[in-house]
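A.B. asks: Once you've had a glance at the structure underneath, I'll fire off some questions.
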Amino acid sequence: MPLSTITDIRDIVIIVGGLLSVIALLVMIVATIVIGFLSVRLLRAARRTFEEGVPPLLEHAQETVKSVKGTADYLSDSAAEPVIRAYATVSRVQRMFDVLSGRGRG
């Protein structure tokens, strides 16, 4: 049976195309399964990282915030408050001199 006829060549091309389609479908199925498996592993690793890594980080951040708040309170009490009091006293004295000299409204 010679392969020279056009119908025989057409039949061979159809068969080869069908086989290649089946092989491509199988490769896509395997790739989908592998991607799904890797996605599940990635989600588990991410969940584990969030469960183990985030709480200590949050605790450390809370300690830092408390420390900064304590520092700000200390600076407010020991530096800013006396400066504000001194400036208020100077301002009062200036106002008193303005009133006594007649420049300010009594």
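A.B. asks: Just from its helices, what would the mean residue ellipticity at 222 nm be for the chain, if runs of 4 or more DSSP H residues each count -39500 (n - 2.57) and the sum is divided by every residue, rounded to the nearest 500 deg cm²/dmol?
C.D. replies: -32000 deg cm²/dmol
A.B. asks: Which ³J(HN,Hα) values in Hz, rounded to whole numbers, follow from the phi angles of segment 63-77 under the Karplus curve 6.51 cos²θ - 1.76 cosθ + 1.60, where θ = phi - 60° and Gly and Pro get x?
C.D. replies: 5, 5, 4, 4, 5, 5, 5, x, 5, 5, 4, 4, 5, 4, 6
A.B. asks: Sticking with this one: Which one of Ile9, Thr32, Ala61 is farthest out on the positive end of the charge dipole of segment 1-97, using unit charges on Cβ (Lys, Arg +1; Asp, Glu -1) and the Cα centre as origin?
C.D. replies: Checking the options against the dipole of segment 1-97, the answer is Ala61.
A.B. asks: I've got another one for you. I'd like the orientation of helix 81-101 relative to the chain: the angle between its Cα long axis and the longest Cα principal axis, in ° from 0 to 90, rounded to 10.
C.D. replies: Helix 81-101 sits roughly 40 degrees off the main axis of the chain.
A.B. asks: Using only the Cα atoms of the chain, what do you get for the radius of gyration and for Dmax, in Å?
C.D. replies: 41.6, 130
A.B. asks: With no solvent and one point on each alpha carbon, what is the Debye value of log10 I(q)/I(0) for segment 1-60 at q = 0.12, 0.15, 0.30 Å⁻¹?
C.D. replies: Here log10 of I(q) over I(0) equals -0.57, -0.68, -1.06.
Every number in this text was worked out from the coordinates using simple rules, so none of it is lab data. Remember, it's a predicted structure, so these values are computed and weren't measured experimentally. Virtual Cβ from ideal backbone geometry, glycine too; neighbours counted across all protein chains shown.
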